[in-house]
Structures are given as C-alpha cells and as structure tokens.
Amino acid sequence: MKIEQALVLYLLKYKEISLQGIGTFKINSSIPDTSDSDKVVVIPAEAISFEYNPKIKEDDVLIDFIVQNTKKIKPLASADLDSFLTLGRQFLNIGNPFTIQNLGTLEKLKSGE
C-alpha cells in the first residue's frame, strides 16, 4: 500500500487528517467509513475541506496507522510520510499543484496560502 492510499483510508476512518507542514483535511461526517471494505467509494468534492496550517507537527496516530497498513517499521513509515510531504511542499513552493491521489489537489495562492 502506498502512502497516498493510507492517507485516504485514514481520512475515511477518522474524518480528519493533519499533514505536517501543510494543513488539515476534513471530510463531511455523513460520508460512511468504508476503510475496511473493498467497495469503491466516490467522495463528492464538496465533502472535503482543507485548512492551511504550516505549523502542524507529525501526528503519531497517523504514523501508527501507516505502520499498520503498510507493514513498515515506525521510523520508515515516518520517513516515507515526511519525504512525501516534503516533495509536496516543494511542488507548492515552485508554483506547481500538489496532488494526493483520490484526495485532491492543493495549489499555493499568491498570498502564500
């Protein structure tokens, strides 16, 4: 399982995911938790919101979830997430969009958010 897949599953299960140095995604609580099933879920775009917050720190619960779903050791899971998000911040800093597959695309505004 890729990091992106684990992030989407975490969001579906906990209805919120905080990504260090980026911000928080929230999903409408009316979307059912289907993280344990093999059914394909289509999440309407208006059901997901994002709040920019570059001061967010690493979430230990998220790291534990990634460990559980990817079968990697905790330091490796943490490093993979950090690497993925660092690459995303680099995309945003040079003006390119950062796409998290099955979740959405972030773009940096001229105001820096």
With respect to the numbered conditions (1) over 18 Å from L87 (Cβ atoms); (2) among the hydrophobic types (A, V, I, L, M, F, W, C); (3) modelled with pLDDT of 90 or more, which one is the sole condition not fulfilled by L62?
(1)
Would you be able to say whether some residue in segment 44-51 is open to solvent by 20 Å² or more (accessible area, probe 1.4 Å), at pLDDT 90 or above, among the aliphatic types (A, V, I, L, M) and over 12 Å from the mean Cα position of the chain (by Cα)?
no
Out of contact with any Leu (no Cβ under 7 Å at 6 or more places or on another chain) and modelled with pLDDT of 90 or more: is that true of G112 in this structure?
no
Based on this model, can you work out whether S18 counts as at pLDDT 90 or above and surrounded by 10 or more Cβ atoms within 10 Å (Cβ to Cβ)?
yes
I'd like the residue in segment 54-113 that is outside any helix (DSSP H, G or I) and open to solvent by less than 60 Å² (accessible area, probe 1.4 Å) and, out of all such residues, is farthest from L9 (Cα to Cα).
G112
Using the structure shown, decide if K2 is closer than 15 Å to D82 by Cα, open to solvent by 20 Å² or more (accessible area, probe 1.4 Å), within 14 Å of the chain's Cα centre (by Cα) and at pLDDT 80 or above.
yes
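The values are calculated or read from the model by the stated rules, or taken from the named source; none is laboratory data. These numbers were taken from a predicted model, which means no experiment stands behind them. With ideal geometry, Cβ positions are generated from the backbone for all residues, glycine too; neighbour counts draw on all protein chains shown. The protein model used for the area step is the full one, side chains on, heavy atoms only, and it has no ligands, DNA or RNA in it. Shrake-Rupley method; radii C 1.70, N 1.55, O 1.52, S 1.80 Å.
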